[in-house]
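Notes to accompany the following structure.
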Amino acid sequence: MVISGFQELKRRLGNISPVPAVVAAANDRHTLQAVLDASRDGILHPILVGERSALTALAHELDFPLPPEQIVDGDGPEDCAAKAVALIRQGRGRMLVKGMLPTRTLLRAVVDQETGIRTGSLMSHVAVLDVPGYPKLLFDTDGGMNVAPTLAEKRHILNNVLQLCRFLGYDCPKVGVLCAVETVSPNMPETQDAATLKAEAQAGLFGSCLVEGPISLDLALDHQAAIEKDFHSPVAGEADILLCPSITVGNVLGKALYGPAGGQMAGVVMGASVPVVVNSRGATAQEKYWSLLLCAALADRKGVQ
């Protein structure tokens, strides 16, 4: 089973009980609009951390009066991030949402050794992309957290995204381990990592999935390119997951596919004690809504319908 796009994703994730969600620095129109829309749809119950008077005024503009108990005062990005993470640790929220603050500020609070919400697993970001011209969702990882992952870290990143896909009902996700070329080169260590991951997948290390690598982006997404280059793989032209060699590649790829290419993106950080929503501050309310839906489903753990 694969999912064609976000509208299908919403149909499949329709049976969600409202999830308590903590929003850090919620004083942002697009974030608050998405949170309020998700609240109206019964997806989540928000606790908003930010400047109280500004939040109250913005919620009034959006025609969604907020009870006082749903607002926690926060003063500046660092304070909002720390208080939001503290609320998760107290059990008041089962998902964490980034508002108008830098991603690094929120994640610094998330990974804090003493007060954060990390687990023993490596944390990684997955961008879920609905791209015009591609017949199904794409899962791009990791463009948000791990700068230059080692082979061992790539194994964790792959396991994280496979966990997400399987949660969504994928029986055998198809993974393209992206490189600039499709041959192993001693001058390009990422190609050697890709070949190792493919061999480990064939040996059953990652469970039910198909891993191809090294593979270039065009071969992973375009059947015709694979035919013309005489490249044979069940992943060619059919990739669900794009495992990137660095944060730069993952970040640029994700932004290119949802920006100039006209796609939409949802994002989630996997590996913390709760799902974490970290959309770009420039993302639309609709894009942030898709992230909230995905993370609420993960937090609710009911799976797809």
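Here are the numbers:
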quantity: Of all residues making up region 213-244, the number that are in a loop (DSSP other than H, G, I, E, B) and open to solvent by 30 Å² or more (accessible area, probe 1.4 Å); calculated: 7
quantity: Count of residues meeting criterion [outside any loop (DSSP other than H, G, I, E, B) and either open to solvent by less than 10 Å² (accessible area, probe 1.4 Å) or of a type in the set (S, T, N, Q) (or both)] in region 99-136; calculated: 9
quantity: For Ala84: the one exception among (1) closer than 30 Å to Gly176 by Cβ; (2) buried (at least 19 other Cβ atoms within 10 Å of the Cβ); calculated: (1)
quantity: Matching entry among Val181, Val235 (being more than 24 Å from the chain's Cα centre (by Cα) and in contact (Cβ under 8 Å) with a residue 12 or more places away in the chain); calculated: Val181
quantity: Test: residue in region 186-204 that is closer than 22 Å to Pro135 by Cβ, open to solvent by 40 Å² or more (accessible area, probe 1.4 Å) and either part of a loop (DSSP other than H, G, I, E, B) or not polar (S, T, N, Q) (or both); calculated: no
quantity: Boolean, Leu210 is out of contact with any Cys (no Cβ under 7 Å at 6 or more places or on another chain) and either under 25 Å from Ser124 (Cβ atoms) or open to solvent by 70 Å² or more (accessible area, probe 1.4 Å) (or both); calculated: no
quantity: Complete set of residues in region 10-29 that are crowded, with 21+ Cβ neighbours inside 10 Å and part of a helix (DSSP H, G or I); calculated: none
quantity: Test for Asp79: is it without any contact (Cβ under 8 Å) to a residue 40 or more places away in the chain, surrounded by fewer than 22 Cβ atoms within 10 Å (Cβ to Cβ) and in contact with a Lys or Arg (Cβ under 8 Å, 6 or more places away or on another chain); calculated: no
quantity: Filtered residue count, region 40-76, keeping only those that are under 25 Å from the mean Cα position of the chain (by Cα) and buried (at least 18 other Cβ atoms within 10 Å of the Cβ); calculated: 7
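The values are calculated or read from the model by the stated rules, or taken from the named source; none is laboratory data. What you are looking at is a predicted structure, and each value in this text was computed from that prediction instead of being measured. Note: ideal-geometry Cβ built from the backbone for every residue, glycine included; neighbour counts use all protein chains shown. Ligands, DNA and RNA are stripped out before the accessible areas are found, and what is left, the full protein with its side chains, is counted by its heavy atoms. Shrake-Rupley method; radii C 1.70, N 1.55, O 1.52, S 1.80 Å.
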